[in-house]
Amino acid sequence: MRYSSLFGKTLRTAPKEAEAASHKLLTRAGFIGQLAAGIYTFLPLGWRVHQKIENIIRGEMDAAGGQEISMPVMQPKTLWEETSRWETIDPPLFKFKDRHDKEYALGPTHEEVITDLARRFIKSYKDLPAYVYQIQDKFRNEQRSTGGILRTREFFMKDLYSFHANEKDLDSYFKKMIGAYTRIFDRVGLKILVSEASGGTIGGDVTYEFQVPAGVGEDVVFFCSSCGYAINEQFAKEKGVKDICPKCKKKLDKTNAIEAGQVFSLGTKYSESMGAAFVDRDGKEKPLVMGCYGIGLGRLMAAIVEVYHDEKGIIWPKQVAPFEAHLIAISDQQTVNSKAEEIYQKLTQKGVEVLYDDRQESPGVKLADADLIGIPTRLVVSEKTLKENSVEEKKRDSDKVTLVPINKL
């Protein structure tokens, strides 16, 4: 990608209302653009990161047996009335009527829709277990949209739903998904706390949140540095957990955190209210046992920036960076620009993802933008480096600069 043709450029200043580092940096670096409160466009750089995260998640869901589907955003009122959530879910639904005066909602979650699908397709124990997921637009009528893409009214979520014949099978898969989630966060470079939590309006007997420790986080988590136990502060009050770890009796620490994912052991809450049943081996009809597992992609992207940045800009982990290398030509000389062009073409042909800054800008502007955007490897071509038949290489997370022979790139 040539920077001169990139849609969306860096900005010198952040939005006045921006407080979170991720909001400031993702906006300034040209990754996102705000349309309205809590509603954002992912610009080309941002969408590339979003897709990298999406593919990591998709790989783990496929490995866990998930089958990808895509469910409608428009959901009829009649479904939500079956579970009595049309008026009670929090935040409240975005509701509207079509030209036939029928009422719908923009889906903030898909328990009703997936349970309706399950009652139509799952009839026997032979159809179980079943695991289906989607990565799709969601809409939540948040009263307060804050932190850029940390809390929005429209966002992409991966939600997987599992269906089982009994609680034992659900428990086994539930643990498997916790392992898959742990790998996802590890692959995007984040250390997380697997925290006990309340199921809220989604429900479930057992719920865990995947919390990223960060000062900007709206949640407070108590955690044990000895055994790894963690619990959401609000849920800790419900359970009477205070300063001592209930597992190993050591003192609990406390941190603000960003909830980047959540898993719910739903049991038969939705299948019973919606009549989603199957015939078991004993010939008796029983309600489907369900689990639900969600990750917000935009929030995860923002959480990565909250953890990986400095005073100059973003420092992307290589596995989610928009490009592998940021190539910069520093000179007005045609020989330098020609060599940079040649390097760009060869790296691209080799399958290396390169952002090539071919603009007629000062070295200071180009280097500052490279730090702001945060691509892992910066390559500089100049008169000085060409005298050594080399390129200057610098990693974004290091101050060390080395000369690399062009034929070794």
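The values are calculated or read from the model by the stated rules, or taken from the named source; none is laboratory data. As the structure is a prediction and not an experimental result, all values here were calculated from the model. Here the Cβ is made from the backbone with ideal geometry for all residues, glycine too, and neighbour counts use every protein chain on show.
Brief remarks follow.
- Counting only residues that are buried (at least 16 other Cβ atoms within 10 Å of the Cβ) and at pLDDT 95 or above, segment 359-381 holds 16 of them.
- Within segment 234-254, tally of residues that are more than 30 Å from K168 (Cβ to Cβ) and either buried (at least 18 other Cβ atoms within 10 Å of the Cβ) or among the small types (G, A, S) (or both): 1
- Residues located in segment 122-134, provided they are farther than 26 Å from F156 by Cα and assigned to a strand (DSSP E or B): S124
- Complete set of residues in segment 56-75 that are outside any loop (DSSP other than H, G, I, E, B) and within 23 Å of A130 (Cβ to Cβ): I57, R58, G59, E60, M61, D62, A63, Q67, E68, Q75
- The residues of segment 105-133 that are without any contact (Cβ under 8 Å) to a residue 60 or more places away in the chain and over 13 Å from S162 (Cα atoms), listed by number, are A105, L106, G107, P108, V113, R120, F121, K126.
- Test set (1) of a type in the set (S, T, Y); (2) over 23 Å from V307 (Cβ atoms); (3) crowded, with 19+ Cβ neighbours inside 10 Å - Y229 fails condition number: (2)
One line per residue, one yes/no per condition, for (1) in a loop (DSSP other than H, G, I, E, B); (2) under 27 Å from R183 (Cα atoms); (3) of a type outside the set (V, I, T):
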{"residue": "Y40", "(1), (2), (3)": "no, no, yes"}
{"residue": "Q51", "(1), (2), (3)": "no, yes, yes"}
{"residue": "T78", "(1), (2), (3)": "no, no, no"}
{"residue": "D90", "(1), (2), (3)": "yes, no, yes"}
{"residue": "F96", "(1), (2), (3)": "no, no, yes"}
{"residue": "R120", "(1), (2), (3)": "no, no, yes"}
{"residue": "Q136", "(1), (2), (3)": "no, yes, yes"}
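- Unmet requirement for K286, which otherwise passes all of (1) under 24 Å from the mean Cα position of the chain (by Cα); (2) assigned by TED's automatic domain parsing to the domain that holds F31: (1)
- Residue that is surrounded by the fewest Cβ atoms within 10 Å (Cβ to Cβ) [pool: residues in segment 1-23 that are touching a residue at least 60 places away in the same chain (Cβ under 8 Å) and closer than 23 Å to E218 by Cβ]: E19
- Considering residues of segment 386-402 that are under 23 Å from A321 (Cβ atoms) and either touching a helix residue (DSSP H, G or I) at 6+ places or on another chain (Cβ under 6 Å) or not charged (D, E, K, R) (or both) only, the residue surrounded by the fewest Cβ atoms within 10 Å (Cβ to Cβ): S398
- A Cβ distance below 6 Å, combined with a sequence gap of six or more or placement on separate chains, defines the contacts here; from segment 319-336, residues that are crowded, with 24+ Cβ neighbours inside 10 Å reach residues that are small (G, A, S) in the pairs H326/A370; A329/A340.
- Residues of segment 95-121 that are within 23 Å of the chain's Cα centre (by Cα) and either over 18 Å from R140 (Cα atoms) or of a type outside the set (D, E) (or both): L106, G107, P108, T109, H110, V113, I114.
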